[in-house]
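Before any comments, here is the structure.
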Amino acid sequence: MDKKLKEIENLLKEQKPCGLDTGLKREIELIFTEQLSQHESLNKQNKIINFPLHQRIATAAAIVIAAIGSLFAFLNDSNRKDINSASTPIIGQLENGEADKFIPIQTENIFEGVVEDNIIISEDKIPYQAVRYQFSDSFIWKNKNDGALIEMKVPSQRLFYVPIKTD
Amino acid sequence: MADNNLSEQWKEWFHENGTRLLLFARGKTNSEQDAKDVLQESILRLWKSYSSKDDGTFHPPPIPLAFTAVRNTAIDFARKTGRRLKREQNSEQLVQDSDQVATWFEADRLIDKERANEIEIALKKISPKYREIITLKIWGELTFLEISKALDIPANTAASRYRYGLEALRKILKPNTD
């Protein structure tokens, strides 16, 4: 090595690194002493999964809730079977109750008048006269069994656009 | 009883190597407090790794490995504190930190203190690559082979960086000797 570099090397070697202050030394020594047992227990803690009391309670509660849920599901299922068995005659009654049905016997479409509406101009620049034809639609149903009648009248209208001659 | 022996072995090992490890940590960090934190963390890591009876390793680690631990911890520490440092870059906190930096080397006489201070400043000025090699070689008392293993670089690279580092220091400390 170069003589000048050797001098620098020797100069550096003469320097001694400052010692550690007592605070830092104590803190680091604590790692070797107090933490010795803690460290080992920490290792064990990392390996063993504890099952604390609240987890046990939570598990028991979950089991109880699941059991109650299953019970209600069972009851609901059996109840539904009862409904089915009870509802069968109702369905039968509906099927057999054709006598209660109403049959349409009359429909009418009555013309009531014409009303002129606005005049509009189409995109082709042709004027159209809107004309409303008003009707009254009536329907009558009759029950064959007791002769009861149901009558319904519905107003309706149809709109026509009649081109206006401008010649 | 065995635990006490183990603890004493580690204490003895730390008394022997603590100062040089702290010096290495100082070269890797920006402040004295960071260097102490890095040293403490790296010792804790070594203790956790090497004191486990399950592994059958009771003895303190070889010193090159301890330097590696300090280096890795300093890298992790720099990553963690990088954002904080950026945030504090313009604040007074950083100024206070730099004011609190302790001297790196022991000196009793005033002239020695001046020399020690010059060397410390010079070491801070040179490239961190050179600084770490010089620290490991001079005060860590490692061979180039050990340094190469500790820093995961070829031994020749370690040797050449050492020479470049000394040359850089010479230019700072004795600029008129060219």
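The values are calculated or read from the model by the stated rules, or taken from the named source; none is laboratory data. Everything quoted here is computed from the prediction, not taken from an experiment. Don't worry about glycine lacking a Cβ; one is built from the backbone with ideal geometry, like all the others, and counts go over all protein chains shown. These accessible areas exclude ligands, DNA and RNA; they are computed on the full protein's heavy atoms, side chains included. Shrake-Rupley method; radii C 1.70, N 1.55, O 1.52, S 1.80 Å.
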*asked:* Give me the one-decimal nm value for the distance between modelled label points at B:K113 and A:V64, 7 Å along each residue's Cα-to-Cβ direction.
replied: 7.5
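For B:T103 and B:D152, FRET efficiency with R0 = 22 Å and r from the beta-carbon atoms, rounded to 0.05? Intermediate results must be reported in sequence, preceding the final value.
Working: r = 31 Å, r/R0 = 1.40.
Here the calculated transfer efficiency is 0.10.
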*Which loop GluC sites (Glu not before Pro) in segment B:132-177, with loop taken from DSSP, have no more than 15 other Cβ atoms within 10 angstrom of their Cβ?*
B:E141
*So how exposed is A:R132, as accessible area in Å² (1.4 Å probe, rounded to 10)?*
70
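For A:L5 and A:S156 in the same chain, what is the full-extension length gain: residue separation times 0.36 nm, less their Cα-Cα distance, in nm? Let's see the in-between values first.
Values: separation 151, 0.36 × 151 = 54.36 nm, distance 11.34 nm.
Full extension of this stretch gives 43.0 nm more.
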*Which distance in nm do the two modelled labels at A:N145 and A:Y128 give, with both placed 7 Å along the Cα-to-Cβ direction?*
5.1
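In terms of solvent-accessible area of protein heavy atoms at a 1.4 angstrom probe, what is the ranking of B:S49, A:S78, highest value first? Don't jump to the answer; show the numbers that get you there.
Details: B:S49 65, A:S78 45 Å².
Ranked list, largest accessible area first: B:S49, A:S78.
Holding the Cα-Cα limit at 30 Å, pick out from B:K125/B:K149; B:K11/B:K125; A:K101/A:K153; A:K3/A:K25 the pairs that are longer than that. Can you show the working numbers first?
Values: B:K125/B:K149 25 Å; B:K11/B:K125 34 Å; A:K101/A:K153 20 Å; A:K3/A:K25 39 Å.
Beyond 30 Å: B:K11/B:K125; A:K3/A:K25.
Protein chains only, probe 1.4 Å: how do A:L20, B:L23 rank by accessible area, largest first? Don't jump to the answer; show the numbers that get you there.
Numbers: A:L20 25, B:L23 5 Å².
Sorted descending by solvent-accessible area, the residues read A:L20, B:L23.
Using a Förster distance of 25 Å, how high is the FRET efficiency between B:E141 and B:E12, based on the Cβ-Cβ distance and rounded to 0.05? Intermediate values should be presented prior to the final figure.
Values: r = 17 Å, r/R0 = 0.69.
Calculated value: 0.90.
Sort A:T33, A:T22 from largest to smallest accessible area, using a 1.4 Å probe on the heavy atoms of the protein chains.
Values: A:T33 50, A:T22 100 Å².
Ranked list, largest accessible area first: A:T22, A:T33.
Counting only other residues whose beta carbon sits under 14 Å from that of A:D137, what net charge do I get with K and R as +1, D and E as -1?
-1
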*Using 7 Å Cα-to-Cβ label points, what is the A:L75/A:T33 separation (nm, one decimal)?*
6.7
*Using a 1.4 Å probe on protein heavy atoms only, how many Å² of accessible area do A and B hide from each other, summed over both chains and rounded to 100?*
3400
_Rounded accessible area of A:Y133 (nearest 10 Å², 1.4 Å probe)_ = 80
